[in-house]
Amino acid sequence: MTVALLLPFAKRLSDGLLVTPEEVPRGLACKCICPGCENPVQARQGTEKVWHFAHTKAEACAGAYEISVHELAKQLIRERKELLLPALEVVVSARGASGENLIEQEVVFESRFVRLDDCKVGQRLDEITPDISGSRKGRRILVEVTVFHRLMPEKRQRLIDTGLASFEIDLGIFKTRQASRDLVEEAVFRQAGNRRWIYHPRMTDVEAALRARLEKRLEESRIAWEQTEDKRKAQEAEWLKNREALAVRGDIIPSQFRIHSPIRETALQPVSEIGWKASFPAPERWQPARKAFCVRHALPVTQVDDVMNNISKRSHLATTNPVELSTQWSEALGVSSLEIIRYFREAGYTQDYDVDL
Ligand SMILES: [Zn+2]
């Protein structure tokens, strides 16, 4: 449902001020003109609708409502010589090396009310005519009031270029809400949430300090990421080396072996379990395999026996599994766990498994 917005304020011919229908005689006796097209308007003080002004000639005057709200806001500030300043908060953010969002922010000051020493409306300053040009203790503050339309980028830029403090009051609430003098006054002087700084001289320094802090955190994030990455690459290289070493000897490499975690030391784990054979292998089977193992890794037989002789029966195998045992022996003998698994197979401890190279 669209709201029929009625002209709430008109310009009184006698003093050029915007007035409400309550402040003037009814009908044409109000002696007011439209602040948009400057044609005469009459004050409607009926009972059906909120009191308002209407053009005497029934011509469409599209901008009248917006202009009247905009002009009244300026007039109120000029009359009261007061401003509710927006809070000044500076926020900078960036994405860290691992995609995390890094934010630095500082509230320089909270919203506050100030009295102006001087306040001019529509005063030209070099390249720009701000809605309000106020001064306080020798410092200028510029104010832009918007109602239906956003502040144009080029005007925003010209305000920034002045190097003076400037802020915007957004009265967009009156796009859908019938304006009255009380509501406009409330929005202009008592609502801090509808305004923000376009530029403030302190922004630059604060932003530079926050950026420096952010840069430091970005650098830390980058270093942390690189360390993780180096670790991951080293483990990947180690794994590839093991795999190639076995492949060169014509061994079978189960493709189920994957790198699960880039960090953990126990990166090599079979996806599917390798099971022990149902019976303990005969000495004719495991003895030559063990000898070959010692030769292959240049390890003294006594050292290997010390480690491997803790498994001498089928019942010993039942308390562990090939992956667990290969990890233990790998640590004890300084040989990769893949090599231990190879020994299990050659010595006849494990079931043959499907190989997919
Ligand atoms: Zn008009």
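The values are calculated or read from the model by the stated rules, or taken from the named source; none is laboratory data. Note that this is a predicted model, so its numbers are computed, not measured. Ideal geometry is used to build each Cβ from the backbone, glycine not excepted, and the neighbour counts take in all protein chains shown. Side chains included, ligands, DNA and RNA excluded: accessible areas come from the protein's heavy atoms. Shrake-Rupley method; radii C 1.70, N 1.55, O 1.52, S 1.80 Å.
Would you pick out the residues in segment 89-119 that are among the charged types (D, E, K, R), within 30 Å of LYS74 (Cα to Cα) and surrounded by 14 or more Cβ atoms within 10 Å (Cβ to Cβ)? Once the filter is applied, which keeps residues that are among the charged types (D, E, K, R), within 30 Å of LYS74 (Cα to Cα) and surrounded by 14 or more Cβ atoms within 10 Å (Cβ to Cβ), segment 89-119 yields only GLU89.
Do the conditions hold for ASP118, that is, is it in contact with a strand residue (DSSP E or B) (Cβ under 7 Å, 6 or more places away or on another chain) and among the acidic types (Asp, Glu)? It is true that ASP118 is in contact with a strand residue (DSSP E or B) (Cβ under 7 Å, 6 or more places away or on another chain) and among the acidic types (Asp, Glu). Candidates are the residues of segment 13-23 that are open to solvent by less than 60 Å² (accessible area, probe 1.4 Å), touching a residue at least 12 places away in the same chain (Cβ under 8 Å) and more than 15 Å from GLN178 (Cα to Cα); the one that is farthest from the ligand (Cβ to nearest atom) is LEU17.
Can you pull out every residue in segment 164-209 that is small (Gly, Ala, Ser) and under 15 Å from GLU71 (Cα atoms)?
Taking segment 164-209 first, the residues small (Gly, Ala, Ser) are 165-166, 172, 179-180, 187, 192-193, 208-209.
Within segment 164-209, GLY172, ALA179, SER180, ALA187 qualify.
When residues in segment 24-62 are screened for being loosely packed, with under 13 Cβ neighbours inside 10 Å, polar (S, T, N, Q) and either in a strand (DSSP E or B) or within 9 Å of the ligand (Cβ to nearest atom) (or both), 0 of them pass. The single condition among (1) out of contact with any strand residue (DSSP E or B) (no Cβ under 9 Å at 6 or more places or on another chain); (2) over 15 Å from SER166 (Cα atoms) that GLU127 does not satisfy is (2).
Go through the residues of segment 69-84 one by one and say whether even a single one is among the acidic types (Asp, Glu), more than 16 Å from the ligand (Cβ to nearest atom) and outside any strand (DSSP E or B). The answer is yes; a qualifying residue exists.
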